[in-house]
1. State yes or no: is residue 25 surrounded by 11 or more Cβ atoms within 10 Å (Cβ to Cβ) and at pLDDT 95 or above?
2. How about region 33-60: which of its residues are closer than 20 Å to residue 13 by Cβ, free of Cβ contacts under 8 Å to residues at least 24 places away in the same chain and more than 12 Å from the chain's Cα centre (by Cα)?
3. Counting just the residues of region 37-66 that are open to solvent by 30 Å² or more (accessible area, probe 1.4 Å) and of a type in the set (A, V, I, L, M, F, W, C), which one comes out nearest to residue 4 (Cα to Cα)?
4. Please specify each residue of region 75-91 satisfying the condition of being under 15 Å from the mean Cα position of the chain (by Cα) and either within 19 Å of residue 14 (Cβ to Cβ) or free of Cβ contacts under 8 Å to residues at least 12 places away in the same chain (or both).
5. Between residues in region 3-32 that are touching a residue at least 60 places away in the same chain (Cβ under 8 Å) and residues that are assigned to a helix (DSSP H, G or I), which pairs lie under 8 Å by C-beta distance while being six or more apart or on different chains?
Amino acid sequence: MPRIAIEYCTQCRWLLRASWMAQELLTTFATDLGEVALVPGQGGIFRITLDGEQLWERKADGGFPDIAVLKQRVRDRIAPDRDLGHVDRRD
């Protein structure tokens, strides 16, 4: 089963943001994910990986991901045929 890791900066106090994103992913992909891990870091890090492959990195991608975009990126890799409902129909 796929593993998502959300590495967040403890100095910046981004734990709540990271845990909210973890909750959203676990709710949406309840039977498709093996684990969502919260990984404490430093230096302004906010990185999300799926089985070691980077999905999002705050500095490289220009901020934090919109939750709909993050769910689409996860879906595209673990369940490409899955419909995300209203998330897929946003304009």
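1. Values: surrounded by 11 or more Cβ atoms within 10 Å (Cβ to Cβ): yes; at pLDDT 95 or above: yes.
So residue 25 fits the description; yes.
2. Across region 33-60, the qualifying residue is only 59.
3. If we filter region 37-66 for residues that are open to solvent by 30 Å² or more (accessible area, probe 1.4 Å), which is where we start, we get 38-40, 42-43, 47, 51-54, 58-62, 64, 66.
From the residues that got through so far, the ones that are of a type in the set (A, V, I, L, M, F, W, C) too are 38-39, 60, 64.
Working: 38: 9, 39: 10, 60: 19, 64: 16 Å.
By that ranking, first place goes to 38.
4. Result: 76, single match.
5. Every condition considered, the pairs that remain are 4/22; 4/25; 4/74.
The values are calculated or read from the model by the stated rules, or taken from the named source; none is laboratory data. Quantities reported herein were computed from a predicted structural model and do not represent experimental measurements. We place every Cβ from the backbone using ideal geometry, glycine too, and count neighbours over all the protein chains shown. We work out accessible area using only protein heavy atoms, side chains counted, and drop any ligands, DNA or RNA first. Shrake-Rupley method; radii C 1.70, N 1.55, O 1.52, S 1.80 Å.
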